[in-house]
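Since the structure comes first, as structure tokens, the remarks are kept for the end.
The values are calculated or read from the model by the stated rules, or taken from the named source; none is laboratory data. For clarity, every value in this text was computed on a predicted model and none was experimentally measured. Neighbour counts run over all protein chains shown; Cβ positions are idealised from the backbone, glycine included. Quick note on the areas: whole protein, heavy atoms, side chains included, nothing else; ligands and nucleic acids left out. Shrake-Rupley method; radii C 1.70, N 1.55, O 1.52, S 1.80 Å.
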Amino acid sequence: MSTENVRSVDLCEVPQAPYARRWLALGVLALVQFMLSIDSTVVNVALPSIQGDLGFQPAGLAWVMNAYSLTAGGFLLLGGRVSDLADRKRLFMIGVVLFAGASLVSGVASNPGTLVVARFAQGLGVAVVSPAALALAVLMFPDARERARAIGMWGGLAGLGGTFGVVIGGVVTSAISWRWIFLINLPIAVVVLTASVRLVPRSPVERRARIEPWGAVLGTAAMTTLVYGLLNASSHAWGGAAVLVPVVAGVVLLGAFIASQALVRDPLLPLGFFRDRTRSAANVAAILGMASFMTMFFVLTLYLQDFGHYSALRSGLAYLPFGLAMLVGIYVSTNLLPRIGIKFGVAGAFLIGAAAMLSLGQIGGSLHYAQLVLPATLCYGFAQGVIFPALRYAALHGATPSEVGLAGGVQNTTLQLGGSLGLAVLVTVALRHAGALAAGGANPQEATVDGYVLAFRIGAGVMLAAALLVLFFFEHVAAAARPGALGATRKETP
């Protein structure tokens with residue numbers, strides 16, 4: 001974005017509420033992010049019930065998930081930039097209303113088409129709410145160490161929401177009805193909107209800049225097309241038109257988008273945004289971490305149900321220790337890393353995650369939950385609890401207050417891409433490997449286990465690659481108690 005049209009808002013210009021009120025406001029904003037994260041996974045265990053009640057065809061059922069992921073992934077970048085150019089508080093509240101309205105329609109849907117359209121609208125609500133909420137949360141904390149804790153709590157709750165979505169989905173679907181996995185968002189939205197009016201401050205934004213329309217169209221089209229192609233890879237061959245055409249088109253559109261950003265006066269994504277190596281590495285690491293996370297989640301759930309004969313409810317409850325370990329990791333990340341620096345802490349967490357995935361790669365035809373699965377998931381949950389908050393903070397490294405919405409939009413987009421890549425590449429490769437072994441005469445059960453093992457081992461390699469990326473490209477930084485650019489830092493002694 002041209003500095004001629006938008007000046008950076010110094011943190012001291014943002015109205016500062018009293019200390020306690022700021023943390024209450026953060027709780028309100030984090031509650032929304034938790035709700036959005038839950039909705040990305042809560043539907044998984046409810047799909048069979050939804051299919052039976054609404055008469056979905058198998059191919060159409062995938063769109064209950066894909067519509068949400070596709071719209072959020074495609075529009076988050078645009079939503080991030082809009083949040084830097086508009087009244088963030090108003091935008092946040094509009095997004096909450098949109099998400100709640102779409103949740104209501106989803107919960108009362110009487111046919112497949114209505115539910116899919118409502119899921120598209122929920123994804124759009126995510127793209128509006130999430131960047132605006134993150135920007136509001138960041139700007140409330142001028143002290144860098146407080147800011148690091150706030151962003152850490154935000155990022156940790158986002159990751160935790162995805163984990164507990166499976167648990168909540170299993171419990172609600174089994175005890176009440178799948179419709180309540182959507183309708184439960186309504187009272188949460190009412191509480192958030194009511195509390196936001198009094199607690200969440202407004203932040204000043206210069207309004208002279210505008211979003212260049214072609215950049216917005218190209219950027220949104222590129223991300224939407226690319227995510228669509230990756231989602232198709234889970235059910236179509238990589239060389240097939242359903243995957244190849246949208247992926248190639250997405251890459252071409254992405255190239256056109258990057259070229260356009262170098263030419264226009266008010267770019268949607270200024271190319272200089274990626275000159276900060278810590279910020280850029282954090283976004284790449286987020287892609288790798290989320291790809292591994294989604295792989296572990298998807299494959300382990302299949303393993304529990306196929307070889308442990310777990311019900312949807314029991315599968316969800318099996319992740320409770322994972323969630324508790326993640327809470328411990330979040331505590332460590334938000335309270336310790338801001339003091340000592342994030343580089344070695346995050347790299348170490350990625351290595352712990354890699355070791356946990358390798359441990360899961362020792363599974364066999366008989367489920368040994370207490371002896372093998374539980375210890376591995378506890379270690380993996382702790383690692384991801386450390387990683388998610390720290391990467392949120394690192395993704396804002398050096399960003400000015402007028403870029404926080406964009407920075408949040410970029411990282412949310414990378415997380416969506418990482419999840420899509422995990423399901424499209426890692427999981428698909430593993431499942432097709434199992435199919436090839438079975439077609440070659442191997443025992444089908446053994447072939448399936450071999451496929452799961454391959455998925456876990458690839459996931460471990462991805463976590464190792466992320467650890468090396470952090471070690472080589474993150475700066476030696478820790479939060480300092482002084483205002484300035486977001487992610488204000490001091491150099492550590494090597």
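In the assembled protein chains, LEU374 presents an accessible area of approximately 50 Å² (probe radius 1.4 Å). Between the residues GLY95, ALA394, ALA25, the greatest Cα displacement towards the positive end of the dipole of the chain, with unit charges on the Cβ of Lys, Arg, Asp and Glu, is found for ALA25. Near GLY341, the amide H atoms lying under 5 Å from its own belong to ALA479; only residues 5 or more places off or on other chains count, and H is placed 1.01 Å from N. Relative to the longest principal axis of the Cα atoms of the chain, the long axis of helix 444-473 makes an angle of roughly 20 degrees.
Shown in residue order for the range 102-116 are the 3J(HN,Hα) couplings computed by the Karplus curve 6.51 cos²θ - 1.76 cosθ + 1.60 at θ = phi - 60°: 5, 5, 4, 4, 4, x, 9, 4, 10, 8, x, x, 4, 5, 5 Hz (x for Gly and Pro). For the range 171-178, 3J(HN,Hα) computed residue by residue from phi via the Karplus equation (6.51, -1.76, 1.60; θ = phi - 60°) reads 5, 5, 5, 6, 8, 10, 6, 4 Hz, glycine and proline entered as x. Dividing the mean sequence gap of close Cα pairs (under 8 Å, 6+ apart) by how many residues the chain holds gives a relative contact order of 24 percent. Net charge dipole, the chain: roughly 1020 debye, given to the nearest 20, about the Cα centre with Cβ charges of +1 for Lys and Arg and -1 for Asp and Glu. In this rough spin-label picture, where each label sits 7 Å from Cα along the Cβ direction, the LEU324-ILE94 distance is 4.4 nm.
Taking each residue as 0.36 nm, the span from ARG314 to GLN371 lengthens on full extension beyond its C-alpha to C-alpha distance by 18.8 nm. Here the 3J(HN,Hα) profile of the range 121-130, calculated from phi with Karplus coefficients 6.51, -1.76 and 1.60 at θ = phi - 60°, is 5, 4, x, 5, x, 4, 5, 7, 6, 4 Hz, Gly and Pro shown as x. When +1 charges are put on Lys and Arg Cβ atoms and -1 charges on Asp and Glu Cβ atoms, the dipole computed for the range 43-122 relative to its Cα centre reaches about 240 debye.
Annotation: amide H of LEU268 within the under-5 Å range of GLU212, sequence separation 5 or more or interchain, hydrogens built in the peptide plane. Taking packing as the residue-averaged number of other Cβ atoms within 10 angstrom, the listed peptides 249-258, 135-144 run from highest to lowest as 135-144, 249-258. Using the Cβ-Cβ distance between THR194 and VAL171 with R0 = 22 Å, the FRET efficiency computed as 1/(1 + (r/R0)^6) comes to roughly 0.25. Size of the chain from its Cα atoms: along the principal axes, largest to smallest, the extents are 67, 55, 44 Å. Full extension of the chain segment joining ARG265 with TYR331 gains 19.5 nm, where the gain is 0.36 nm per residue of separation less the Cα-Cα distance. From its DSSP helices (H runs of at least four residues, each -39,500 (n - 2.57)), the chain gives a residue-normalised ellipticity at 222 nm of -24500 deg cm²/dmol. In the complete set of protein chains, residue-level accessible area for TRP63 is approximately 70 Å², probe 1.4 angstrom.
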